[in-house]
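Q: Quick one: the structure is below, questions incoming.
The values are calculated or read from the model by the stated rules, or taken from the named source; none is laboratory data. Here the structure is a predicted model, which means the values were calculated and not measured. We place every Cβ from the backbone using ideal geometry, glycine too, and count neighbours over all the protein chains shown.
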Amino acid sequence: MLDRPAPQAPTAYDMLIDGRWVGAASGRRMESLDPYAGSAWATVPDAGAQDVAAAVGAARAAFDAGPWGRATARERAALLRRLAELIARDAERLAAVESRDNGKLLREMTAQWRYMPDWFFYFAGAAERIEGTTLQSDRPNFSAFTRKEPVGVVAAITPWNSPGLLLAWKLAPALAAGCTFIVKPSEHTPVSAIELGRLVQEAGFPAGVYNVVTGGPEAGRALVSDRRVDKIAFTGSTDVGKAIARTAADNLTGVLLELGGKSPNIVFHDCDPVAAANGVISGIFAASGQTCMAGSRLVIQRSIMDDVLGRVIERARTIKLGDPGLPETEMGPVATPQQFAKVNGMIEAAVKEGARLACGGPEAGPGGLFVPPTILVDVTPDMTIAREEVFGPVLSVIPFDTEEEAIAIANDTEFGLAAGIWSLNIQRAHRVANKVRAGTVWLNAYRVVAYNAPFGGYKQSGSGRENGAAAVEEYLETKTVWVELSGATRDPFTIG
């Protein structure tokens, strides 16, 4: 059983709007739960439409008339580098805050926050490399060139699983491009966005460039429906992403969507079985399976299934669940009571549908919001557990015999975010990678990301790309400028 810490008085945080720390206009507040302690550890304003309107107005004014709209690329880059330095300075403190807010391992959060400055350093350089092109016109009396200009006001909605890192994926390229920014973090994990706001202020960004509104669905709906927003960046479930896209379509607002996944980890007979088993464990049980890229389907060649799956089951049974702050802990709780109920419900439904528990399951947990590492065998590709995102530590095992069958199973999904391929045959690995419909494919690895590597999905896993040069383009408009050189009077009733 769990030895939970005694509840303490929650810490009160405010929102950042136009450079000022404020509460909600209504005076309402909401609690943020510490998933391990099982009690509220922080309170934040419960923003409504009036608060969102103020934040969007501040961002709009900062872009249209404030100093940020006039800042040079060098000035933007200097501020981004300063912000990177401040994040590096406070990485351990911010990691502890986020671990408490979402229940993930402190050592994983520490690794994320220590790596996060590299996003801001990278995009600081990108700010100084934004370039247009000179066009070779077929009109002898004209010159033409393109300009890259910031899209304007960006509204971001971030998830509860890695709120700080996934905010950085949006904020760094948006600021590099010259945009202003409003973030509504998940109501379950709002504090890291607030803490980042303190560093944005310390770095010297002008008021209104970065705004934080905390709240639930009311605030989210107000934000994505505001006509003054030029771009929406969202990470979360496919269903919510679709709803955002429908609302954005009414205003023709651009969207960047990083959504759900049902990613396959494909293991061939010619793999390194030790490495493959470790990769399967990493893909589904790291972060308690609460990642969009989770390798939730083990698509494994029948001839090596006993060896690799046996290793995976043996390791899964020894994974240490406990206090996320302790170095020996390997899995923390899931982040919310709602997610706990959903994951356990999907496990129970899978067993009723014909799957069999090889380890784990709802009855094997130590209490609290812990879901133990769970492996389901006798799964077929048509089962719900093999088709819908669980977002928890639940692995579905699906065997195959031929390479063609493996590719067919991998692609038999409405998602297309990521995939892993385990084979020491380099020709096979590349051949399969080319045929799997996914935005990121790892060969003999899993769960690796970087600031310069584009990340995003095919099909219902989203649209657009985060990270790398592609991310900056998401926050830029291309303008073509024509210059008449001859001074001649043209026929006003023709084009060209």
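Q: Give me the pairs, please: first residue somewhere in segment 296-325 and under 18 Å from residue 398 (Cα atoms), second residue anywhere and surrounded by 16 or more Cβ atoms within 10 Å (Cβ to Cβ) and of a type in the set (Asp, Glu), beta-carbon distance under 9 Å, and either six or more positions apart or on two chains.
A: Here the result reads 296/389; 301/403, each pair linking segment 296-325 to a residue that is surrounded by 16 or more Cβ atoms within 10 Å (Cβ to Cβ) and of a type in the set (Asp, Glu).
Q: Only one residue in 231, 170 is crowded, with 24+ Cβ neighbours inside 10 Å, assigned by TED's automatic domain parsing to the domain that holds residue 94 and under 22 Å from residue 90 (Cα atoms). Which one?
A: Going through 231, 170 in turn, just one is crowded, with 24+ Cβ neighbours inside 10 Å, assigned by TED's automatic domain parsing to the domain that holds residue 94 and under 22 Å from residue 90 (Cα atoms): 170.
Q: Moving on to the next point. Which of the residues belonging to segment 328-366 are among the β-branched types (Val, Ile, Thr), assigned to a helix (DSSP H, G or I) and within 28 Å of residue 190 (Cα to Cα)?
A: Once the filter is applied, which keeps residues that are among the β-branched types (Val, Ile, Thr), assigned to a helix (DSSP H, G or I) and within 28 Å of residue 190 (Cα to Cα), segment 328-366 yields only 343.
Q: Another question about this same structure. Which pairs have Cβ atoms under 6 Å, sit 6 or more apart or on different chains, and link a residue in segment 35-56 that is over 29 Å from residue 288 (Cα atoms) and of a type outside the set (A, V, I, L, M, F, W, C) to one that is modelled with pLDDT of 95 or more and buried (at least 24 other Cβ atoms within 10 Å of the Cβ)?
A: Cβ pairs passing all conditions: 51/213.
Q: Kindly provide the set of residues from segment 423-465 that are assigned to a helix (DSSP H, G or I), touching a helix residue (DSSP H, G or I) at 6+ places or on another chain (Cβ under 7 Å), of a type in the set (D, E, K, R) and not assigned by TED's automatic domain parsing to the domain that holds residue 287, ordered by number.
A: Result: no residue meets the conditions.
Q: Within segment 93-115, which residues are of a type outside the set (A, V, I, L, M, F, W, C) and part of a loop (DSSP other than H, G, I, E, B)?
A: The answer is 103, 104.
Quick grid of which residues meet (1) of a type outside the set (S, T, N, Q); (2) buried (at least 21 other Cβ atoms within 10 Å of the Cβ); (3) not assigned by TED's automatic domain parsing to the domain that holds residue 159:
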{"position": "6", "(1), (2), (3)": "yes, no, yes"}
{"position": "17", "(1), (2), (3)": "yes, yes, no"}
{"position": "20", "(1), (2), (3)": "yes, no, no"}
{"position": "28", "(1), (2), (3)": "yes, no, no"}
{"position": "33", "(1), (2), (3)": "yes, yes, no"}
{"position": "41", "(1), (2), (3)": "yes, yes, no"}
{"position": "50", "(1), (2), (3)": "no, no, no"}
{"position": "54", "(1), (2), (3)": "yes, no, no"}
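Q: Going by the conditions given, is residue 42 under 30 Å from residue 180 (Cα atoms), of a type outside the set (D, E, K, R) and touching an Asp or Glu at 6+ places or on another chain (Cβ under 8 Å)?
A: Considered against the rule, which asks whether it is under 30 Å from residue 180 (Cα atoms), of a type outside the set (D, E, K, R) and touching an Asp or Glu at 6+ places or on another chain (Cβ under 8 Å), residue 42 comes out as yes.
Q: Going through 386, 438, 450 one at a time, which residue ends up being more than 17 Å from the chain's Cα centre (by Cα), modelled with pLDDT of 95 or more and not charged (D, E, K, R)?
A: None of the other options fit; the residue is 386.
Q: Separate question: So which residues in segment 33-55 are farther than 30 Å from residue 321 by Cβ, within 23 Å of the chain's Cα centre (by Cα) and not in a loop (DSSP other than H, G, I, E, B), if there are any at all?
A: Answer for segment 33-55, where residues must be farther than 30 Å from residue 321 by Cβ, within 23 Å of the chain's Cα centre (by Cα) and not in a loop (DSSP other than H, G, I, E, B): 52, 55.
Q: So, one more: Check segment 382-389 and report whether any residue there is in contact (Cβ under 8 Å) with a residue 40 or more places away in the chain, of a type in the set (Ser, Thr, Tyr) and under 30 Å from residue 338 (Cβ atoms).
A: no
Q: Here's something else I'd like to know. Can you tell me which residue is surrounded by the fewest Cβ atoms within 10 Å (Cβ to Cβ) among those in segment 407-422 that are touching a Pro at 6+ places or on another chain (Cβ under 8 Å) and part of a helix (DSSP H, G or I)?
A: Per the stated criteria, the residue is 409.
Q: Go through 6, 59, 37, 42 for me and flag whichever is in contact with a Phe, Trp or Tyr (Cβ under 8 Å, 6 or more places away or on another chain) and within 23 Å of residue 340 (Cα to Cα).
A: None of the other options fit; the residue is 42.
Q: Let me ask something else. On the given criteria, is residue 208 part of a loop (DSSP other than H, G, I, E, B), of a type outside the set (A, V, I, L, M) and touching a Cys at 6+ places or on another chain (Cβ under 7 Å)?
A: For residue 208, the condition - part of a loop (DSSP other than H, G, I, E, B), of a type outside the set (A, V, I, L, M) and touching a Cys at 6+ places or on another chain (Cβ under 7 Å) - is not met.
Q: When you go through 289, 283 one by one, which is the residue that is modelled with pLDDT of 95 or more, under 19 Å from residue 108 (Cβ atoms) and in contact with a Phe, Trp or Tyr (Cβ under 6 Å, 6 or more places away or on another chain)?
A: 283
Q: Shifting gears a bit: Can you pull out every residue in segment 116-154 that is surrounded by fewer than 17 Cβ atoms within 10 Å (Cβ to Cβ), outside any strand (DSSP E or B) and of a type in the set (Ser, Thr, Tyr)?
A: Answer for segment 116-154, where residues must be surrounded by fewer than 17 Cβ atoms within 10 Å (Cβ to Cβ), outside any strand (DSSP E or B) and of a type in the set (Ser, Thr, Tyr): 133, 137.
Q: For segment 451-495, enumerate the residues that are of a type in the set (Gly, Ala, Ser) and more than 24 Å from residue 151 (Cα to Cα).
A: Result: 486, 487, 488.
Q: Does residue 338 fit the bill of being at pLDDT 95 or above, closer than 23 Å to residue 277 by Cα, of a type in the set (S, T, N, Q) and not assigned by TED's automatic domain parsing to the domain that holds residue 187?
A: no
Q: If you don't mind, there's one more thing I want to ask. Could you identify the single residue in 238, 247, 189 that is β-branched (Val, Ile, Thr) and over 16 Å from the mean Cα position of the chain (by Cα)?
A: Selected residue: 247, the only one of 238, 247, 189 that is β-branched (Val, Ile, Thr) and over 16 Å from the mean Cα position of the chain (by Cα).
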